Structures are given as C-alpha cells and as structure tokens.
Amino acid sequence: MKGIEQIVQEHPFFQGLDEAFCDLVCTCARNVRFDSGEYLFQEGGVADTLYLIRHGHVALEIAVPGRPAVRFQTLGDDELVGISWLVPPYRWAYDARAIELTRAIAMDAGCLRGKCESDHDLGYEVIKRLMPILIGRLQATRMQILDVYGAPE
Amino acid sequence: MRLSMPSDPMRPAPTRVLTRRREVADTWTLELEPGGTAERPFAPGQFNMLYVFGVGEIPISLSGDPASPHRQVHTVRAVGPVSRALAALGPDAAVGVRGPFGQGWPVEAAAGADVVLIAGGLGLAPLRPALYYILSRRARYGRVVLLYGARSPGDILFRRELERWRRRTDLEVRVTVDHAGSDWLGRVGVATNLVPLASFDPGDTVAFVCGPEVMMRFAVAALREAGVDTAAIYLSMERNMKCAIGHCGHCQFGPTFVCKDGPVLSFERIRGLLSRKEI
Ligand SMILES: Cc1cc2nc3c(=O)[nH]c(=O)nc-3n(C[C@H](O)[C@H](O)[C@H](O)COP(=O)(O)OP(=O)(O)OC[C@H]3O[C@@H](n4cnc5c(N)ncnc54)[C@H](O)[C@@H]3O)c2cc1C
Ligand code: FES
C-alpha cells in the first residue's frame, strides 16, 4: 500500500515539490473517501480542509431559494476542491457533494496555513500552484456569466 | 475541400421540406430535398443559403452526412424572423436553396493526424458532417476527440447520437454543460475545461472549433496551452451574408470574405481580427 507521502507527491498539485516541503505538508494530509451522494462540505460551514481528488467526481452546488440547487461546476480526477480555506472568514460558499465514489487527500487547512506562515518559501510554492487554478476558474466563471450559448435578447 | 458550385449561384432552386424534428427548445432539424438536382454534394463545414418565400434568406450550415447528398440536412435555431419562419416549416413546405457555398473543414489535410473537434452550443451542427466524414474513414486518422459544451442538459444537441458515439472505442467524447440541476451526473463547467482531459498528441493534432466567438477564443487559448500549433487550429466564422459568392462585401472580415474564403478559416489567417470589437 502507498504511504501518504507517496500519494501526496503523486498528486499533480504537489508534483515536483521539494522533498523537505513535501515532508511539511504531508503532516497535514490524510486519505479520505466519500460515497456517491455524500457531502464533502456544505455552504456556511467552517472551511477547514483542502481536498485533492485522486479519483472520483464531485459536484459544486449553490442553493437557490424556491428552486432546486444549481450545479455550477464538477471536478474530477487530479483536481482540487475548496478554496475558501485560503482567506478569512474561512467559510464554505457552496456545497460540494460526491456524485460517484471519490477518493481524495484531505489537507487540514489550519495546519497548511500554519506551515505556510512559518515558512514563506513553502507558502510561496503553495500560492504559485494555487494561482493558475484560481485564475482558470475565474475565467471559466466569466464565460458562464456571459452565457455564450444563451438565446439572443 | 471544395466542390463545384451550381450553375446560377444567385438563383434559389425551389425545393421542399421532407422531415422536421425538434432537437431542443428552440432548435429544429429539417431534411430538404436537394432542389433541382438528384443530389447536391457538399463538403463538411459548407453552408446553403435557405430562402423562406416572402420572408428572407439566411446562411445555414449543412449538418447531415456528406455521404448522403440526396438529402440536405440543416439544423436551425430560431433566433429571428427568417430562422423562426424556417424552423416552423413542416413537411412539404416550400423552401429555396442556393449552395453549397464556402470552404469547409480540412478533413483531407487532417488525415494521419489526431483530430480534436470542439463544439459549443449549436456549433455541433456544422461540425457533425466532419465527424461523419472522419468516422467513415476512421483508419486514416489518429486519435479522434469530440469535446462538446452546451448551456444546460436540456440544450444538448443530437443527444442520442452523442450517446452512440460515446460507446465507440475509437472516439473519445466528452460533454459538459455550463450549469445543471442535481439530477445531471455528467460534467459541469465550460467546454474549454475539457481540453486538458482529452488524450491527443498536441504536436500532431488538427483542431476544428465551432461555437460562439467568445467560446472559440477561449478554446484556442486552451488548445495553445495544451501545445497545439496555431497553424493547426481551424474555426468556423459567422458573419451576415447576402450574396454568399464573394460579390457584395457583406460578410467581409478584414481582407477575408467569410462566404467565399470561409466559413472555416485557419486561426493563423484571422488571429488579428478575432479579438477586435468591430470589423
Ligand atoms: C456560414 C454560416 C453558417 C450558419 N449556420 C447556421 C446553422 O447551421 N444554424 C443556425 O441556426 N444558424 C446558422 N447561422 C446563423 C444564421 O444565419 C443567423 O442566425 C441568421 O442571422 C438568422 O436570421 P434571422 O433573420 O432569423 O435573425 P436575425 O434578425 O438576423 O437575428 C435575430 C437576433 O439573433 C441574433 N443572432 C443572429 N445569429 C445568431 C447566432 N448564430 N447565435 C446567436 N444569436 C444570433 C442577432 O444578433 C439578433 O439579435 C449561420 C451563419 C453563417 C454565416
Ligand atoms: S456575402 Fe456577399 S461577399 Fe460574402
């Protein structure tokens, strides 16, 4: 069986990370699994975890009053779920639910923030890996807002 | 790929609707007789000018199988006066047809390479003939990938056919929608998110992209990021048209006439024009 160090190192998010940094972040990591239908987290809850999906499919949903929940993104193998742990007030802004059996690495967000705070080189490394993901999602959101396939006015 | 033009390209040949099928809420597929001839051969990516008598004429891509030129298949989204009138025509109704016009997808030149087709919304219709063409000569191509983005699950075009294609082992099909309800178990997110998930050799890939212009710009960026050469990226452009034969200048896009030089154009040819607000 693979140890958590190997699993973390093999995940694209941490791939190529300096071994000393890897030792640091691994102390924050554990393996988790979610059955289909199970929530990773729900809107308003404390954002205390970063999930790195190994295998599976997770849906992000926002509850809309008087209407069924809107599913606005799904994430799969090798992708990252949850960014609200990064900035105060550390609350989830949406629900995340497994829609098939999902295996992931759960990183304790408080632990990870602490390691980044006490070693800024590690912090910079983590932020450098997060930024392209955040920017990609921002651009995708812009495209969704433009509603490019929508009916003309 | 270019085919010969009809004798008087400005005169619509009278023809009639054979069948009409609703695809999604505002989109219908019409099968027409070829009009005036036994068959009207076309290349994937070409379009016809369809004339609704007393209403007007618009360009509509051929969305059927180029191997069946005795039936002209068109998929029409009802957005304005002419397309609405066209989409409402039932079996036996009269239509005028001119065409086929324009330059289509470089399906022949792509032989030997991997082919990635990226469609957004109605953009799947002009790409479908290219896929039919490739699948009927499957051994001549490398990996073939279809990436399709729609607005919501209810807006997915050619759903049954997509499911059939998805079952093929020699074709990778990935579908995503911009948003969905919780009963949708497929992917949610923009079409360009599918590019990094697809398996193809970026150094030996030809990409065909068709959809709203904003989506095509993002698709080109995703393909470039994946390592696809811009010279191997082709887009189908839409501009208002009148003559469709390069005379009136209505469809001019910089130095390019979309009706005659396009609608399928290489990204290299139009890269400077694509992001300009007005041409
Ligand atoms: C080469 C080519 C191939 C085409 N192929 C197809 C096809 O296969 N199927 C099809 O349905 N249409 C296709 N079109 C688009 C079609 O020709 C136009 O939608 C046409 O202008 C509709 O005419 P109309 O009189 O119904 O509406 P218009 O009065 O011209 O337009 C009504 C409203 O719809 C908007 N609009 C026009 N076209 C589009 C569009 N494509 N998407 C979103 N909004 C639009 C206009 O800005 C306007 O607000 C193609 C266009 C070109 C140039
Ligand atoms: S439509 Fe007349 S030149 Fe293109």
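General remarks:
- Across peptide B:150-163, the mean count of Cβ atoms from other chains lying within 10 Å of each residue's own Cβ comes to 1.
- Reciprocal of mean inverse Cα separation for region B:1-138 (Kirkwood radius, Å): 15.2 Å
- Computed [θ] at 222 nm, helices only, for the protein assembly as shown once each DSSP H run of length n ≥ 4 contributes -39500 (n - 2.57): -7500 deg cm²/dmol
- In order along region B:229-241, the phi-based Karplus estimate (6.51 cos²θ - 1.76 cosθ + 1.60, θ = phi - 60°) of 3J(HN,Hα) comes to 5, 4, 5, 9, 10, 10, 10, 9, 9, 10, 9, 4, 10 Hz; Gly and Pro are listed as x.
- Counting Lys and Arg as +1 and Asp and Glu as -1 over every other residue whose Cβ lies under 10 Å from the Cβ of B:Phe158, the net charge comes to +1.
- Whole-number D in µm² s⁻¹ for chain A, Kirkwood Cα-pair radius fed into Stokes-Einstein, 25 °C, 0.890 mPa s: 149 µm²/s
- Over all other residues within a Cβ to Cβ distance under 15 Å of B:Arg167, the charged ones net out to +3, with Lys and Arg as +1 and Asp and Glu as -1.
- Rounded to the nearest 20 debye, the dipole magnitude of region B:81-178 is 200 debye, with +1 charges on Lys and Arg beta carbons, -1 on Asp and Glu beta carbons, and the Cα centre as origin.
- Complex-versus-alone comparison for region B:200-226, residues with a loss of 30 Å² or more in accessible area, probe 1.4 Å: B:Pro212, B:Val214, B:Met215, B:Phe218
- Simple Cβ-charge dipole of chain A, Lys/Arg +1 and Asp/Glu -1, about Cα centre, in debye nearest 20: 320 debye
- Total charge dipole magnitude, region B:13-101, about the Cα centre, Cβ charges on Lys, Arg, Asp, Glu only, Debye to nearest 20: 120 debye
- Within a straight-line Cα-Cα reach of under 20 Å, B:Lys260 can be paired with the following aspartates and glutamates, leaving aside sequence neighbours fewer than 8 residues apart in one chain: B:Asp8, B:Glu57, B:Glu108, B:Glu213, B:Glu238, B:Glu268.
- To put it simply, the accessible area of region A:83-153 at a 1.4 Å probe is 58 percent carbon and sulfur.
- Helix axis angle, B:213-226 relative to chain B longest principal axis, alpha carbon, degrees: 30 degrees
- D (Stokes-Einstein, µm²/s), Kirkwood Cα radius, chain B, 0.890 mPa s at 25 °C: 129 µm²/s
- In this assembly, the B-A interface accounts for approximately 2000 Å² of buried accessible surface in total, computed with a 1.4 Å probe and without ligands, DNA or RNA.
- Using the alpha-carbon positions of the protein assembly as shown, Rg (one decimal) and Dmax (whole number) come out as 24.5, 79 Å.
- The share of alpha-carbon pairs in region B:142-266 lying farther apart than 27 Å comes to 29%.
- Fluctuation leader among B:Leu185, B:Leu194, B:Leu122 - chain B, Gaussian network, Cα springs under 10 angstrom: B:Leu185
- Per-atom-type breakdown for chain B gives carbon and sulfur 49% of the accessible area (1.4 Å probe, protein chains only).
- Taking all protein chains into account, the per residue accessible area for region B:13-101 stands at 38 Å² (1.4 Å probe).
- ³J(HN,Hα) computed for each position of region A:5-10 - Karplus, 6.51 cos²θ - 1.76 cosθ + 1.60, integer Hz, glycine/proline x: 4, 5, 4, 5, 4, 7
- Neighbour-limited loop hits for GluC sites (Glu not before Pro), region B:1-92 (at most 13 other Cβ within 10 Å; DSSP other than H, G, I, E, B): B:Glu39
- DSSP H segments from chain A that extend 18 Å or more along their own axis, Cα-based, with Kyte-Doolittle mean of -1.0 or above: A:120-146
- Calculated on the Cα set of region B:71-213, radius of gyration then Dmax: 16.4, 49 Å.
- Solvent exposure of chain A as accessible area per residue, Å², 1.4 Å probe: 52 Å²
The values are calculated or read from the model by the stated rules, or taken from the named source; none is laboratory data. Everything numeric here is computed off the predicted structure, so don't read it as measured data. Note that we place each Cβ from the backbone using ideal geometry, even for glycine, and neighbour counts take in every protein chain shown. Protein only, heavy atoms only, side chains kept; ligands, DNA and RNA dropped before computing areas. Shrake-Rupley method; radii C 1.70, N 1.55, O 1.52, S 1.80 Å.
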